[in-house]
Amino acid sequence: VTEKDLRNWSLLDRFARCLDQRLGAARGSWGDRRRKLGQAQYLTLFLLGLFNPVVRTVRGICAASQLQKVRRQWNSPPVSLGSFSEAQHLCDPELLEGIFKDLSRKMPPPRLRDPRQQWEQWLAQDSSVLAALPRMSWAVYGGGRRSKDGGSSQAVRLHLSFNVIRDHPVSVRVTPGKTCERQTWKEQWEK
């Protein structure tokens, strides 16, 4: 992986700034002085991997963290595979939901043809089941592909609400893969 292969630097920068505002002081194990990988660095590198298909594995993300531009952009040292793998247990999905809402609010308002649409909220909601790492025990899910050893598959479900008129996402929620899509919709719907 080279710097030329990577894209979406400005989006990653906005995410990192929003993350810094949300995080404040490191809590729990993230605050341990011996930890070299911070929560902001972990989440930003993870998003770097999602935005850049050329980086398809955790090893690829760790390799990208050694690139000069990545280190300079977020003022961070290279990340080891062990540190990156361990960090998945410490990350809180609720933090990501808050960041998602912050970024969604910052989106510019669309130009609406009809002024009455200004107050309308037409939301579409859908969820996707995404494969999770085997060590994410909270994500054990009975459906989907089984692991090679015959155990149950791991998955998370991403529930997304999308404002059809304003053409941007409104809210997101991450749950274990077995969570019912309709139940989550009932918890989030508004008149």
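The values are calculated or read from the model by the stated rules, or taken from the named source; none is laboratory data. What you see is a predicted model, and the numbers here were worked out from it, not measured in a lab. Ideal geometry is used to build each Cβ from the backbone, glycine not excepted, and the neighbour counts take in all protein chains shown. These area figures cover heavy atoms from the full protein model, side chains too; ligands, DNA and RNA do not enter into them. Shrake-Rupley method; radii C 1.70, N 1.55, O 1.52, S 1.80 Å.
Values as computed for the structure displayed
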{"item": "Flag for Leu160 being open to solvent by 50 Å² or more (accessible area, probe 1.4 Å) and modelled with pLDDT of 80 or more", "result": "yes"}
{"item": "Qualifying positions in the range 70-103 - in a helix (DSSP H, G or I) and either of a type in the set (Lys, Arg) or within 13 Å of the chain's Cα centre (by Cα) (or both)", "result": "Arg71, Arg72, Pro93, Glu94, Leu95, Leu96, Glu97, Gly98, Ile99, Phe100, Lys101, Leu103"}
{"item": "Test: residue in the range 87-97 that is free of Cβ contacts under 8 Å to residues at least 24 places away in the same chain, open to solvent by 50 Å² or more (accessible area, probe 1.4 Å) and closer than 19 Å to Trp30 by Cβ", "result": "yes"}
{"item": "Selection status of Ser128, in contact with a helix residue (DSSP H, G or I) (Cβ under 9 Å, 6 or more places away or on another chain), modelled with pLDDT of 65 or more and not in a helix (DSSP H, G or I)", "result": "no"}
{"item": "Matching residues, the range 164-180, being surrounded by 15 or more Cβ atoms within 10 Å (Cβ to Cβ) and under 13 Å from Asp126 (Cβ atoms)", "result": "Pro169, Val170, Ser171, Val172, Arg173"}
{"item": "Residue in the range 52-60 that is farther than 22 Å from Ala155 by Cα and at pLDDT 80 or above present", "result": "yes"}
{"item": "Of residues in the range 29-58 being of a type in the set (Lys, Arg) and over 18 Å from the mean Cα position of the chain (by Cα), the one surrounded by the most Cβ atoms within 10 Å (Cβ to Cβ)", "result": "Arg35"}
